[in-house]
1. Output the residue which, of all residues in region 147-164 that are β-branched (Val, Ile, Thr) and not in a strand (DSSP E or B), is surrounded by the most Cβ atoms within 10 Å (Cβ to Cβ).
2. Could you please find all residues in region 72-86 being under 15 Å from Leu36 (Cβ atoms) and of a type in the set (A, V, I, L, M)?
3. Residue under question is Glu47, and the condition is that it be charged (D, E, K, R) and either over 30 Å from Ser195 (Cβ atoms) or assigned to a strand (DSSP E or B) (or both); does it hold?
4. Have a look at Ala199, Ala194, Ala167 and point out the one that is more than 23 Å from Leu115 (Cα to Cα), modelled with pLDDT of 95 or more, of a type in the set (A, V, I, L, M) and assigned to a strand (DSSP E or B).
5. Could you pull out the residue among Arg17, Arg74 that is under 11 Å from the mean Cα position of the chain (by Cα) and open to solvent by 20 Å² or more (accessible area, probe 1.4 Å)?
6. How many residues does region 1-14 contain that are open to solvent by 30 Å² or more (accessible area, probe 1.4 Å) and part of a loop (DSSP other than H, G, I, E, B)?
7. Please go through region 174-191 and give me each residue that is part of a helix (DSSP H, G or I) and not acidic (Asp, Glu), ordered by number.
8. Pull up region 51-63, narrow it to residues that are of a type outside the set (A, V, I, L, M, F, W, C) and open to solvent by less than 80 Å² (accessible area, probe 1.4 Å), then point me to the one that is farthest from Asp118 (Cα to Cα).
Amino acid sequence: MRHSPNFLMTDPDEVRRLVRENPWATIVSHVPDRGLVASHYPFLLDEEASTGDDIVLVSHVGRPDEQLHELGTREVLVIVQGPHGYISSSWYAEGDFVPTWNHVTAHLYGTPEILSDDENLRVLTHLTDHFEQHVDAPRGLHLDLEKSARIAKGTVGIRLRVTRFDARAKLSQNKTPEVVDRIVGELEGDGPYASTGLAREMRRLHDPRHP
């Protein structure tokens, strides 16, 4: 990402929050003879392992994506994209006519660990239960363990211990409080570029009282 010191996000807690709230991520690898390859999968934090400065992710890929990426043999990049959106210059002060795009994004690097079949099934169960908890009549892999184990063999579980990250929260830090309030108001409105998620991120940054 562009080196923008004013927008750097260096707090591991904020990166962990970004992953929790935006679990759909992109895996990018550079593989000899293939060049760049990318896949898209849900990632969750390994909460027990993600303490202090540590960020540990778990996920799975469908076969043969583990071969496509040659997972476990080299470093990969996992991109986590939070709320983002167009910021119109019409929301700025008079004479300020250059628009921008606000976003919260993290690039996470590490070499994936390939999980055993049993660990993979536990991760798949955790992934399913995590998302099913929000529906009225949740269903889980425990309903048919034998069938779930057979289906799990078509996937490969991974654990990624993040060795470094590059994260940005570009949220109009270079604007006056009055302009920031106007931007947030537009994002919370019903216009063509409304984004309540992006507005929430801006409030968190600019108003410490906001959750």
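1. Initially, region 147-164 is screened for residues β-branched (Val, Ile, Thr), giving 151, 155-156, 158, 162-163.
Okay, now just the ones that are also not in a strand (DSSP E or B), so 151, 162-163.
On the way: Ile151: 12, Val162: 21, Thr163: 11.
Per the criteria, the residue is Val162.
2. Initial filter on region 72-86 (under 15 Å from Leu36 (Cβ atoms)): 74-79.
Matches in region 72-86: Val76, Leu77, Val78, Ile79.
3. no
4. Values: Ala199 fails: assigned to a strand (DSSP E or B); Ala194 fails: assigned to a strand (DSSP E or B).
Unique residue meeting the criteria: Ala167.
5. Working: Arg74 fails: under 11 Å from the mean Cα position of the chain (by Cα).
It is Arg17.
6. 5
7. To start, the set of residues in region 174-191 that are part of a helix (DSSP H, G or I) comprises 177-187.
Listed by number, the residues that qualify are Pro177, Val179, Val180, Arg182, Ile183, Val184, Gly185, Leu187.
8. Taking region 51-63 first, the residues of a type outside the set (A, V, I, L, M, F, W, C) are 51-54, 59-60, 62-63.
Remaining after also requiring open to solvent by less than 80 Å² (accessible area, probe 1.4 Å): 51-52, 59-60, 62.
Working: Thr51: 24, Gly52: 28, Ser59: 14, His60: 13, Gly62: 16 Å.
Per the stated criteria, the residue is Gly52.
The values are calculated or read from the model by the stated rules, or taken from the named source; none is laboratory data. This is a predicted model, so every value here is computed, not measured. Note that we place each Cβ from the backbone using ideal geometry, even for glycine, and neighbour counts take in every protein chain shown. Accessible surface is based on the protein model in full, side chains and every heavy atom, while ligands, DNA and RNA are left aside. Shrake-Rupley method; radii C 1.70, N 1.55, O 1.52, S 1.80 Å.
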